[in-house]
């Protein structure tokens, strides 16, 4: 098995939901040395990112990312990813070894011309049934305009913190969405309320750069 070196180019479409996340629930996933940014008393911002990368991408795959919190180290704001799933083995290996992200395998069932998706994870026990990670439905949208921007993300390997940048451009739309995260999903305790906002990026073009070491950090292991 081999994977392409960074940077990766990703083209397709993506949804991003925005949620208020309890800081107490996010804290077990975030290393000591990184501050969780509070937007309301006891709350930070997180969400679910669902995407499908198509022709023209470094690899062709679907992806589900759970952002547990917005965090800060020094003057740099970034996202902290608690769960990440893809349906392509090279993406798993590259994600783990290049970006130090805990990628796992999942099955993505895109239905109804990309309007709905069912994501299933691997069984929690050998021989068990697949776990439904989430169901998502796009029930209509208000088209906006094409925009571009950059996002910083922190990750960790052993005692080192890493920071990497993703730059992206896409035709944005505000989406009337429904996101169902069953209680058996590994991230149900984080994503436990409807989205405050859902945005779709069509004709997405993103570049994910290689990470750099951001400093030391010690993970507090999540208990759920």
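Descriptive notes on the structure:
- FRET efficiency, residue 158 to residue 22 (Cβ-Cβ, R0 25 Å, nearest 0.05): 0.35
- GNM flexibility winner over the chain from 121, 170, 42 (Cα, springs under 10 Å): 42
- In the chain, helical runs assigned H by DSSP with n ≥ 4 each contribute -39500 (n - 2.57); averaged across all residues and rounded to the nearest 500, the mean residue ellipticity at 222 nm is -1500 deg cm²/dmol.
- For the range 54-101, the equivalent ellipsoid derived from the Cα gyration tensor has semi-axes of 24, 11, 11 Å, listed largest first.
- Once the chain from residue 213 to residue 165 is taken as fully extended at 0.36 nm per residue, the excess over their C-alpha distance is 16.0 nm.
- By the count of other C-beta atoms within 10 Å, a proxy for reagent exposure, 22, 138 are ordered fewest to most as 22, 138.
- Radius ratio Rg over Rh of the range 36-117, counting only Cα atoms, Kirkwood formula for Rh: 1.04
- Normalised by 2.2 N^0.38 Å, with N the number of residues, the alpha-carbon radius of gyration of the chain equals 0.97.
- Among beta bridges from DSSP that stay inside the range 60-208, the antiparallel ones total about 90%.
- Within the listed set 133, 77, 50, the Gaussian network model of the chain (springs between alpha-carbon atoms below 10 Å) gives the highest mean-square fluctuation for 77.
- Ascending count of other beta-carbon atoms within 10 Å, so fewest first, for 200, 120: 120, 200
- When 37, 66, 181 are sorted by how many other C-beta atoms sit within 10 angstrom of their C-beta, beginning with the fewest, the order is 37, 181, 66.
- Once the Cα-Cα distance is subtracted from the 0.36 nm per residue extended length, the residue 139 to residue 188 segment shows a gain of 15.4 nm.
Taken together, the values in this text are just the output of simple stated rules run on the coordinates, not laboratory data. Please read these numbers as outputs of a predicted model, since none were measured by experiment. So basically every Cβ, Gly included, is an ideal-geometry build from the backbone, and we count neighbours across all protein chains shown.
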